[in-house]
Amino acid sequence: MVSVVYLDTSALVKRYVAEPGSEWVQELLDYSETPSAFTSHLTVVEATCAFARRRREQFLSSEEHARVLVAFDHDVVYRYNILDVTPGVIDAA
């Protein structure tokens with residue numbers, strides 16, 4: 001099974017908001033030997049904006065939005081390895 005994953009914004013949002021592909025992302029991250037999950041500082045900002053958009057569009061209630069933000073903030077600190085987006089990283093990508 002995969003032991004290291006990089007999650008872009010579209011994948012990361014699927015962990016917190018039910019949409020096509022959410023089950024796959026959930027299973028990937030809930031694998032018993034938790035993978036090392038990487039994402040970037042930019043993804044953190046973009047995901048927070050995506051959650052706010054879903055709240056504005058009433059896809060999420062105020063309570064759901066608040067729960068998503070708490071879970072996401074916790075995972076950013078304790079679950080994900082956050083990468084800096086530097087010119088070197090961009091060139092390598």
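A short reminder: the numbers here are calculations on the coordinates, not readings from a lab. Please read these numbers as outputs of a predicted model, since none were measured by experiment. Cβ sites come from the backbone with ideal geometry, for glycine too, and all protein chains shown count toward neighbours.
Here are a few things to note about the model shown:
- Values of log10 I(q)/I(0) for the chain across q = 0.13, 0.22 Å⁻¹ run -0.45, -1.17, by the Debye formula with one identical scatterer at each alpha carbon and no solvent.
- Surface/4 of the Cα convex hull for segment 39-93, nm²: 4.2
- In sequence order, segment 66-82 has phi-based couplings of 4, 5, 4, 5, 5, 4, 5, 4, 4, 5, 4, 7, 10, 10, 9, 8, 9 Hz under the Karplus curve 6.51 cos²θ - 1.76 cosθ + 1.60, θ = phi - 60°, and Gly or Pro positions carry x.
- Dipole of the chain, positive direction: furthest Cα of Asn81, Val68, Ser36, with charges on the beta-carbon: Val68
- On the beta carbon distance between Tyr78 and Glu57, with R0 = 25 Å, the FRET formula returns roughly 0.30.
- Amide H contacts under 5 Å for Tyr6: Phe38, restricted to partners 5 or more places along the chain or on a different chain, H placed in the peptide plane at 1.01 Å from N.
- In this Cβ point-charge picture (+1 for Lys and Arg, -1 for Asp and Glu), segment 4-82 has a dipole of about 280 debye about its Cα centre.
- Estimated FRET transfer efficiency (Glu64, Ile90; beta-carbon r; R0 30 Å; 0.05): 0.30
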